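Let me begin by presenting the structure, written as structure tokens, before commenting on it.
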């Protein structure tokens, strides 16, 4: 699976999490920021983490990875960084 | 997501860690949900023990009934969750109001609580409900300022969609439910009651916190209380010193 495939999977999860408030103008790319661009709420981030974990399996310890980041790093996270993390677990 | 029906209310529950769970995390009131614990302390603790986190009714992704926000009902909800998850006795970890809830649970159901970890917890002392209503019953700019302050250091600062949604959710909870009148009418305990708590307690407070006195009251009570005051921190100690709070709580669970 390519980085692009992983990006598309994540983009699907993000759309699901944002739900009714999803705006078709919103784009999910590698450099899309969860905070500044997608304005994801922290509780939505929990839902995203759950989807990522369920889809990719326990060896992708997304929650564990996030827990070891400093707050500023979490705030600045981009979709591409999550893609890279998922890829690094393969 | 796991939804667990407790006393007729659908609660959003997250389960972390392997093995039988005996640690339950409770979050603060109105502008909070389980994500605060989820992304900070819960996962490292889950390396040691089975962990449960839940959104209080009206918060996060739990259902928002129009009533039942008094302390007794919320304690019964917590105990109902313990029952539903098959937890006979739990360590309760609470931030702010979540700590007050944990203390009230230990006072009402001592047989269900093994220990407490309190992060800048208010105590259910006389008049606590009225005081809390005073800070919650704000509107307009004042409420926006509160949201700004509470979420200044969390995901999505300067995010209008998020601020609007938080304000909307807070408004729905404050104005669309009996929360304020329920808090006013909630149970309180005399100060002596807290001194009688004999279970192990880790109490972490910010040195500049407006509820430091509550922590001091606990600390004066007995040797079962470990009182850690974090310099330069306020009531938001969980955000101001996240790594230290996390390490301290993980150490506590490693030793206890």
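Quick notes on this one:
- When A:82, A:86, A:63, A:17 are checked against the criterion of being at the interface with chain B (Cβ under 7 Å from one of its Cβ atoms), out of contact with any strand residue (DSSP E or B) (no Cβ under 6 Å at 6 or more places or on another chain) and not in a loop (DSSP other than H, G, I, E, B), a single residue qualifies: A:63.
- Among the residues listed as B:79, B:23, B:41, B:103, the single one being in contact (Cβ under 8 Å) with a residue 12 or more places away in the chain and assigned to a strand (DSSP E or B): B:23
- Residue list for the range A:20-49, filter: surrounded by fewer than 19 Cβ atoms within 10 Å (Cβ to Cβ), within 14 Å of chain B (Cβ to nearest Cβ) and more than 16 Å from residue A:83 (Cβ to Cβ): A:20, A:21, A:22, A:23, A:25, A:26, A:36
- Selected residue (criterion: modelled with the highest pLDDT) from residues of the range A:66-78 that are at the interface with chain B (Cβ under 8 Å from one of its Cβ atoms) and assigned to a helix (DSSP H, G or I): A:66
- Members of the range B:32-61 that are in contact with a helix residue (DSSP H, G or I) (Cβ under 9 Å, 6 or more places away or on another chain), farther than 15 Å from residue B:102 by Cβ and more than 11 Å from chain A (Cβ to nearest Cβ): B:48, B:49, B:57, B:58
- Counting only residues that are under 23 Å from residue B:246 (Cα atoms), assigned to a helix (DSSP H, G or I) and touching a strand residue (DSSP E or B) at 6+ places or on another chain (Cβ under 6 Å), the range B:82-100 holds 2 of them.
- Test: residue A:47 is over 22 Å from residue B:53 (Cα atoms) and touching a residue at least 12 places away in the same chain (Cβ under 8 Å): no
Yes/no per residue for (1) touching a strand residue (DSSP E or B) at 6+ places or on another chain (Cβ under 7 Å); (2) at pLDDT 95 or above; (3) surrounded by fewer than 21 Cβ atoms within 10 Å (Cβ to Cβ):
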site	(1), (2), (3)
B:185	no, yes, yes
B:195	no, no, yes
B:205	yes, yes, no
B:210	no, no, yes
B:213	no, yes, yes
B:220	no, no, yes
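- Helices (runs of 4 or more DSSP H) contained entirely in the range B:159-243, each with at least 2 residues that are out of contact with any helix residue (DSSP H, G or I) (no Cβ under 9 Å at 6 or more places or on another chain) and closer than 30 Å to residue A:34 by Cβ: B:160-176
The values are calculated or read from the model by the stated rules, or taken from the named source; none is laboratory data. As the structure is a computational prediction, the values presented were derived from the model and not from experiment. We place every Cβ from the backbone using ideal geometry, glycine too, and count neighbours over all the protein chains shown.
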